[in-house]
1. Please specify each residue of region 62-112 satisfying the condition of being of a type in the set (S, T, N, Q) and either free of Cβ contacts under 8 Å to residues at least 24 places away in the same chain or out of contact with any helix residue (DSSP H, G or I) (no Cβ under 7 Å at 6 or more places or on another chain) (or both).
2. Search region 1-39 for residues being over 26 Å from V122 (Cα atoms) and among the polar types (S, T, N, Q), and hand back the single one that is modelled with the lowest pLDDT.
3. I'd like to verify a number: residues in region 12-30 that are polar (S, T, N, Q) and within 17 Å of the chain's Cα centre (by Cα), how many?
4. Only residues that are under 16 Å from Q82 (Cβ atoms) and either hydrophobic (A, V, I, L, M, F, W, C) or open to solvent by 50 Å² or more (accessible area, probe 1.4 Å) (or both): list them for region 24-36, please.
5. Condition (residue is within 19 Å of D112 (Cα to Cα), crowded, with 22+ Cβ neighbours inside 10 Å and without any contact (Cβ under 8 Å) to a residue 60 or more places away in the chain) applied to region 3-23: is it met by at least one residue?
6. Kindly indicate whether Q39 is open to solvent by 50 Å² or more (accessible area, probe 1.4 Å), within 14 Å of the chain's Cα centre (by Cα) and of a type in the set (S, T, N, Q).
7. Would you check which residues across region 62-105 are assigned to a loop (DSSP other than H, G, I, E, B) and either crowded, with 20+ Cβ neighbours inside 10 Å or among the hydrophobic types (A, V, I, L, M, F, W, C) (or both) and list them?
8. Anything in region 77-106 that is farther than 10 Å from E6 by Cα and β-branched (V, I, T)? List them, or say none.
Amino acid sequence: QVQLVESGGGVVQTGGSLRLSCAASRGSFSTYGMGWFRQAQGKEREFVATISASGDSLYYAQSVKGRFTISRENAKNTLYLQMNSLKPEDTAVYYCAARRTRLYSGNERDYDHWGQGTQVTVSS
């Protein structure tokens, strides 16, 4: 069963940047569709970005489009989320997730494996 470990979270000022990483082990990372989700305090978890197994297909939530970039390095079993122009409303715990299909999805119910999350805090 694949295990996912996020890293790269932290505290950043408005307008700053962070790069999150998600390292996968014990699975066939290159065959999984992957996604990033986030959950702010007191709110439900929401979709951020997703990428197909090959990396050819991407999809973003409207709230992050143009500011965030999802990518993956299958040779390193790693998923990334580059976050630029950060806003206070981006503050949340960020989770990576894997699904046992090559397709991407913005629906968290389609995902089979989840990481433990990494905190991102954007100060105003």
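1. Pass one, region 62-112, residues of a type in the set (S, T, N, Q): 62-63, 69, 71, 74, 77-78, 82, 84-85, 91, 101, 105, 107.
Q62, S63, T69, S71, T78, Q82, N84, S85, T91, T101, S105, N107, listed by residue number.
2. Checking each candidate, the answer is Q1.
3. The qualifying residues number 4.
4. Filtering region 24-36 down to residues under 16 Å from Q82 (Cβ atoms) leaves 34-36.
Answer for region 24-36, where residues must be under 16 Å from Q82 (Cβ atoms) and either hydrophobic (A, V, I, L, M, F, W, C) or open to solvent by 50 Å² or more (accessible area, probe 1.4 Å) (or both): M34, W36.
5. Taking region 3-23 as the starting set, the residues that turn out to be within 19 Å of D112 (Cα to Cα) are 3-6, 21-23.
Keeping just the survivors that are crowded, with 22+ Cβ neighbours inside 10 Å gives 4, 6, 22.
Add one more test, that the residue is without any contact (Cβ under 8 Å) to a residue 60 or more places away in the chain, and what stays is none.
Checked against the condition, which is being within 19 Å of D112 (Cα to Cα), crowded, with 22+ Cβ neighbours inside 10 Å and without any contact (Cβ under 8 Å) to a residue 60 or more places away in the chain, region 3-23 yields no hits at all.
6. Yes; evaluated as a whole, the condition is true for this residue.
7. Restricting attention to region 62-105, the residues satisfying the condition of being assigned to a loop (DSSP other than H, G, I, E, B) are 62-67, 77, 84-87, 91, 100-105.
The answer is V64, L86, L103, Y104.
8. Listed by number, the residues that qualify are T91, V93, T101.
The values are calculated or read from the model by the stated rules, or taken from the named source; none is laboratory data. Note that the coordinates shown come from a computational prediction; the quantities given were computed from them, not determined experimentally. Here the Cβ is made from the backbone with ideal geometry for all residues, glycine too, and neighbour counts use every protein chain on show. SASA here: full protein model, heavy atoms, side chains in, ligands and nucleic acids out. Shrake-Rupley method; radii C 1.70, N 1.55, O 1.52, S 1.80 Å.
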